[in-house]
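Accompanying notes for the structure given below.
Where a number appears in this text, it was derived from the coordinates with a stated rule and is not lab data. All values derive from a computational prediction rather than experimental measurement. So basically every Cβ, Gly included, is an ideal-geometry build from the backbone, and we count neighbours across all protein chains shown.
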Amino acid sequence: MTEEQLSEYVGEFRSQEVDTRCIFAVKGGKLIAKHKKHGEKVFTAKDKDIFVSDGWWIKQAQFVRDNDGQISDCLVSTGRVKDVKFIKVGE
């Protein structure tokens, strides 16, 4: 994917369920997730709106679109935890 295509996924996401935030950004032509405690993880596109990493704290990010086609949420999965909802709160 191009950096322009990846920029659709950029933003700050927050989960009330696990009381944490995650920032998705583009760095060096790759989508990354940044977390203040766990650092950065690089993602690879698996399918439309689905990305995977080798991180223990975030193995998969599935982005959800609203009715206008804009990214609104992200469902995060790890090895044992599936589909924790993170709501997009900022760019």
Legend entry - Percent RCO, i.e. relative contact order, over the stretch 3-90, from Cα pairs under 8 Å lying at least 6 residues apart: 24 percent
Legend entry - Prolate/oblate/rounded label for the chain (Cα gyration tensor, a/c 1.5): rounded
Legend entry - Prolate/oblate/rounded call for the stretch 33-78, Cα gyration tensor, a/c under 1.5 rounded: prolate
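What is the gain in length, in nm to one decimal, between H35 and D19 on full extension, counting 0.36 nm per residue of separation less the C-alpha to C-alpha distance?
So the extension gain works out to 4.5 nm.
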Legend entry - Neighbourhood charge, 13 Å Cβ-Cβ cut-off, centred on Q70 and excluding it, Lys, Arg +1 and Asp, Glu -1: -4
Legend entry - In the stretch 16-91, the trypsin sites (Lys or Arg not before Pro) that fall in loop regions by DSSP, at most 10 other Cβ within 10 Å: K36, K37, K48, R80
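For V81 and T44, calculate 0.36 nm times their separation in residues minus their Cα-Cα distance, and state this gained length in nm to one decimal.
11.3 nm
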